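Any read-out appearing in this document is the output of simple, stated calculations on the displayed coordinates, not a laboratory observation. Because the structure is predicted, anything quoted here is derived from the model rather than measured. For neighbour counting, all protein chains shown are included, and Cβ atoms are generated from backbone atoms with ideal geometry for every residue, glycine included.
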């Protein structure tokens, strides 16, 4: 069993990510705090802090916002916790402490803490688990509590979280007299797992396992609950999935019987994350296996090349195998984050490079595309092809052609925040004798792992160059495991300049040996431009190619190549690579020979179009849409 | 000014259409009558006749169905009228007479006849013209009345129609004290025009012109009407088209200022039909010009190759120029019929082959595809590409992968019925000295036109063969005008076997001369297989081709070519043509050399797919989906 190295032990020095993390810390955290307090002119008020004030009895008023509005605070606090772990900031800590004090005032005597029901009426709590997110809110609160406690050592929020967990434990479980329900939006499972890890309280992991065990059984809890409320058939449960009610919530059958990804993508992947955590911590391999089955279905049949998942905006959901339309995807930023969460958890149980590969794919593509380079604008939906006219003028398109400033349902911005400030957790993991290097994000490590103090420095310039250099800062003996990415056709590994033939185990290059202080391990991974093809089972991409270099997916933008990108075709094999320090905060571009079909023919004609040669410029997908509104395309015709 | 020849004067003998018209007469008319009477087990009750019984005071009960449910009867009756004109049927006439008697009992003293408001409360009539279709119902009643009167000579339904029209005339118009409103769903305009033609009553054409003249002016009638009702902003008017309210209804600006097709396709095209009729009959060329402008926009920028129109199911609507996605179209059967209606009306004003070309394109493709070969199942939506998995498993798809038996909103089946039984109206038109042959549908004509009795026989075997033979049955002198279709690269015209160089005027070959009885005019139009390309302005079809032969668009079906049609590519220029009398009720197929990409690769791979040669079989688009559910594709990769 591997664990991520503590955030405090990792000092990220990566040229690519440092600026982004700094933006998250210096821009996003204060900006979000202002939005939570409704102090940004022109931005729709969040009411989040106000709801806590009302719930705490400090103010009169009604609840406003979504029923999960509390999570805006909890996700912010989680991001703040990760940030404080590596960048102490007394002023920020004071602000966070005050927010925690406020939330504590709203907490009920039995531990319950959800401002929606505290304000609307506690008699209604636990009556609509399917739709109303109480457990989802709690899960985010637990994650925030653990993050903040680990960063600051302050127990107050952790104790509050335990009281919330105790309240759920008192009300839910297999025992008679308790409710036998489970969340409509999964999240509490992995929150409880974190709380268990920190507190050692067995009841928490047992409760998390219970929520997974009872899920999707018949007679259906959501139906019974709904009947008790006297509801008409639910729009979400019935109308959207008439053939399989509760597929949307992954509650259409017991979790161990689910073999394919279904329904709401973030719910699906939070559930898999929870199944991995709980399966491991509660010692139930059947949960891990079930999570693994669905995860493999996703990465082999339902994942976009960008690491985006969720092929349809209806239900923000997975659709079915090989259904991956480029301009009608949902591919929510949060879902790619959740995919990375699932992958890194499965990796800690049974390391395999496919997990780190997936984290990397999502991170450098479908997650980073969710936020503008200046850190202030966001995509929920990350399409692989955008024709702005279609987005703006068709009533059936959900895709925004431009990133937006803030969302009423603000799930993605804080999710990006916590991913960036907590990035260290994805880089390394260790168990008693081995240390995994999963992401080549430059950083200095000083930690206790594999039974000894370990210190080293990793230099890298990902995603632009494939050379990694690890310098040992102390004498140690352990098993160093370096992920060999799927995109590297070969590799060269040296120790102190001498070539080493390392064994390849589950996709990791293994150096199991003693290291002296000053030892230099160098891994060279060739970053060739790769012209990727999609499986012929996918209908949209025949005759098209997507360019990748290292982990980065590239795209064409109108600003570089002119409009009507669909008329362009690329000559595969003609790639020129160049780094531009001043373009899009520093990117390596690819230029290729290509052509453009054109001509102003009739709508339908026997005449073949004119073809003109044109040089094509590809930029990293994550950086698209930072130079004004225009067309974008990942999958391009092959010449 | 040209007029269609009376249906009674045309005896259709066409091998292609006769069977279809027979099916309409023998199967559809009785089946529909049973559905109107709720006597088909397993089919959702229509309540249409029951609504009339309740409105007539013969029965107690509530109104059921859509607020335009009456049109089920009126469209049926229109189709019956056309059928009786050429195929007298005493039993059917008796049934129809009884239905008319019933409707007459429901008609109010002031002429009002709409069972929805008669049952729901007459005080509410005329209070929601935008949504509630009173004028649409009346328009269909007028069309039915004229058709039935012209077929049977019975005035009762015509008199009833005049009383309905008088009621509208008494309540609507520019005069003070009258309402200044106009229909949310256009149709009454062309109904009034027909009524004017038959009755000569000037008030009717004046009223029709008024409805067009006041449309879309500010302050907006729908807003004022809505305020009077105390409504919240309308879902249809506001939510769907927030930037341009009432675009959906083509009421966003005055009709003469509208330059592009917009909003609900059938509304748009019924309006253009009405504008053509009213412009001509009321002597206002500005109305005709405005209709022509929008019509040209449609056929050059917003029409599918099948003659389908309406690129989005949201609002069953036009979207914008060159937005023509193949699997997300709406392309309602009714809209293609309405396109043909508009085209034939514009043609009667200023003949040009582009109109007959459009009628022909719609007729042999997007209209006929709407009905199964056995005449019992229907498509509302006629997509150009179908992947059944996507239709069935994505929640955001509106397309049915199979024709359905009947629809709650049963607009398309009766629309197909009236088109087939009234087909004669599309074939010929005449004015004082010329006779247009617009469609090469074999038929015998005995009529009075161009100031004389004219009789001739047209033999043809469209759409499979391009040879047309017209034999004069009497001595005459007139200008015979034969449409030269857009798809014919050349032509050969002979009279009594001798080659004739006929002038080509506005796309018509002109024979302005005396004909003797027994004269034989032969027109040969070569039907080559044409590999069509779409304009490079359309994003979806680069590198793809659609096969046509004569007026027929072809497609690939899974049943002939295996699944994953997207992996096929066709070698242009390799076409073999063969007629199969026993396939799909007799079709000419096209086989081509081609290839299939295949292989069971990873989802994303650098490996190029395997390519195997494969012969491809194309069948007429209109005939697809008659051999079980499977994939279909019109636009195919070019090899």
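Computed values, structure above
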read-out: Computed label-point distance, nm, for sites residue A:475 and residue A:498 using a 7 Å Cα→Cβ extension; value: 1.7 nm
read-out: Debye log10 I(q)/I(0) at q = 0.11, 0.16, 0.17 Å⁻¹ for the range A:269-406, Cα point scatterers; value: -0.41, -0.80, -0.88
read-out: Alpha carbon convex hull of the range B:515-639, projected area averaged over orientations, nm²; value: 11.5 nm²
read-out: Chain B - mean residue ellipticity at 222 nm from DSSP helices (-39,500 (n - 2.57) per run, n ≥ 4, rounded to 500); value: -10000 deg cm²/dmol
read-out: Chain B shape via C-alpha gyration tensor axes, a/c threshold 1.5; value: oblate
read-out: Separation of the residue B:155 and residue B:524 label points, Cα + 7 Å toward Cβ, nm; value: 5.5 nm
read-out: Shielding of A:562-571 by partner chains, average beta-carbon count, 10 Å; value: 2
read-out: Calculated log₁₀ intensity ratio I(q)/I(0) where the Debye formula runs over C-alpha points of the range A:157-291, q = 0.13, 0.22 Å⁻¹; value: -0.55, -1.36
read-out: Residue-averaged beta-carbon neighbours from other chains (10 angstrom radius) around B:605-611; value: 4
read-out: Shape call, the range B:98-147: gyration tensor on alpha carbons, a/c limit 1.5; value: oblate
read-out: Spin-label model distance (nm) - residue B:374 vs residue A:433, 7 Å beyond Cα toward Cβ; value: 7.2 nm
read-out: Cα-derived Rg to Rh of the protein assembly as shown, Kirkwood definition; value: 1.03
read-out: Between the range B:122-164 and the range B:307-383, the alpha-carbon center distance in angstrom; value: 25 Å
read-out: Share, in percent, of DSSP beta bridges within chain B that are antiparallel, nearest 5; value: 90 percent
read-out: Histogram of C-alpha separations across the range A:435-524, 10 Å bin width, %; value: 17, 56, 26, 1
read-out: Listed peptides A:19-28, B:508-517 by packing density, highest first (mean Cβ within 10 Å); value: A:19-28, B:508-517
read-out: Cα centroid separation, the range B:22-48 to the range A:36-57 (Å); value: 59 Å
read-out: Sequence ranges B:448-458, B:602-612, ranked by mean other-Cβ count within 10 angstrom, highest first; value: B:448-458, B:602-612
read-out: Innermost chain A residue relative to the axis carrying A onto B, by Cβ distance in angstrom; value: A:543, 3
read-out: Residue mean of other protein chain beta carbons inside 10 Å, A:538-545; value: 5
read-out: For the range B:43-215, convex hull of alpha carbons as volume per residue, Å³; value: 113 Å³
read-out: Cα gyration tensor of the range A:380-537 - equivalent ellipsoid semi-axes, whole Å, descending; value: 40, 21, 13
read-out: Antiparallel content of DSSP bridges confined to the protein assembly as shown, in %, to 5; value: 90 percent
read-out: Prolate/oblate/rounded label for the range A:571-634 (Cα gyration tensor, a/c 1.5); value: oblate
read-out: Exposure proxy order (Cβ contacts within 10 Å, fewest to most) of B:312, B:127; value: B:127, B:312
read-out: Using a 7 Å Cα-to-Cβ projection, residue B:613 label spacings across copies, nm, ascending; value: 3.3
read-out: Rounded Å value of the spacing that divides the Cα centres of the range B:468-532 and the range B:602-629; value: 40 Å
read-out: Per-residue Cβ neighbour rank within 10 angstrom, fewest leading, B:481, B:271; value: B:481, B:271
